[in-house]
Amino acid sequence: MAVTRKPLWRRALRAVVWLMLGFAALSFAVVLAYRWLPPPSSAFVLARRVDGWTGTAPAVPIRRQWVAQSRLSPELFLAVVAAEDQRFPEHHGFDLDAISKALDDRERGRVRGASTLSQQVAKNLFLWSGRSWLRKGLEVWFTALIELTWPKRRILEVYLNFAEFGDGIYGAQAAAQQFFGRDAATLNAAQAARLAAVLPNPKRYSAARPGPYVLQRQRWIERQMRQLGGRDYLAPLLAD
């Protein structure tokens, strides 16, 4: 008796569905594990290494050292929230108001970012640089997983350990030692604001030799830190 084979398109569709389910399960497992385990590296750190090996960018030593939340100054948490995502305690990964304003500005010919800290963690850990619908879709997926499985304090902890503060300088501990000669746990409000001030473009702006833009942005961040209520603004999140 002859066996009727399923049409090729149906077999292909079934394979795609299984691949998508496998990817969803694997990505969920990895994100869940990173709730407790320090990520060994990030996609952006690996990309910087590859750029150095291939000559796409000058080869520089990668400086990065993971430190736990307890070894990060509370001023650092407040500074990056004040600088990058002031609604971080309230949203669930996506700041819809900021997205709406960014779309309005784009229609007027101005470009502004609307990425939350959660989205930046998703991009830094798992994705590549550039713009495409595929990348944006994966960013939404990983951001949703992170918000679903991690407490807010873990998102901030991972962000501060993988944010780029200078060419080849990743994480607040490496940045604090490089620019201020001290551990990240001992940074004061002004130093934390200085580091946060270079985040928009750490290859262009320097925390060691701050120009007028960085100094102006540092002062603005310090004002925002005070207006948000100081350390009390994030105290409930960091205590969870």
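Each value in this text was obtained by applying a stated rule to the coordinates, not by laboratory testing. Given the structure is predicted, the values throughout are model-derived calculations rather than measurements. Neighbour counts are summed over all protein chains in view; Cβ atoms, including those assigned to glycine, are modelled from backbone coordinates with ideal geometry.
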**Request:** Given the options LYS203, LYS152, LYS101, state which has the largest fluctuation in a GNM of the chain using a 10 Å cut-off (strictly under) for Cα springs.
**Result:** LYS101
**Fill in**
Quick note on LEU156, LEU37, ordering by fewest other C-beta atoms within 10 Å, gives LEU37, LEU156
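Label segment 45-202 by shape, choosing from rounded, prolate and oblate, from the square roots a ≥ b ≥ c of the eigenvalues of the Cα gyration tensor; if a/c is under 1.5 it is rounded, and otherwise prolate applies when a/b is larger than b/c, oblate when it is not. Write out the running numbers ahead of the final one.
Details: a/c = 1.58, a/b = 1.21, b/c = 1.31.
In terms of gyration-tensor shape, oblate.
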**Complete:** In the chain, lysine pairs 8 or more places apart or on different chains with C-alpha atoms under 24 Å apart total 7
**Prompt:** Which number do you get for Rg(Cα) / (2.2 N^0.38 Å) in segment 144-240?
**Reply:** 1.11
**Fill in**
Here the relative contact order (percent) of the chain, from C-alpha pairs under 8 Å and at least 6 apart, is 25
**Request:** Report, to the nearest 10°, how far helix 8-33 tilts away from the longest principal axis of the Cα atoms in the chain, using its own Cα long axis and a range of 0 to 90°.
**Result:** 30
**Message:** In whole Hz and in residue order, list the ³J(HN,Hα) couplings for segment 71-79 that follow from phi through the Karplus curve 6.51 cos²θ - 1.76 cosθ + 1.60, θ = phi - 60°; x for Gly and Pro.
**Reply:** 9, 10, 4, x, 5, 5, 4, 5, 5
**Fill in**
Residues LEU78, LEU117, LEU237 in order from fewest to most other beta-carbon atoms within 10 Å are LEU237, LEU117, LEU78
**Request:** Sort 64-77, 122-135 for me by packing, meaning the mean count of neighbouring Cβ atoms within 10 Å per residue, highest on top.
**Result:** 64-77, 122-135
**Request:** Classify segment 1-66 as rounded, prolate or oblate from the Cα gyration tensor: take a ≥ b ≥ c as the square roots of its eigenvalues, call it rounded if a/c is under 1.5, otherwise prolate when a/b beats b/c and oblate if not.
**Result:** oblate
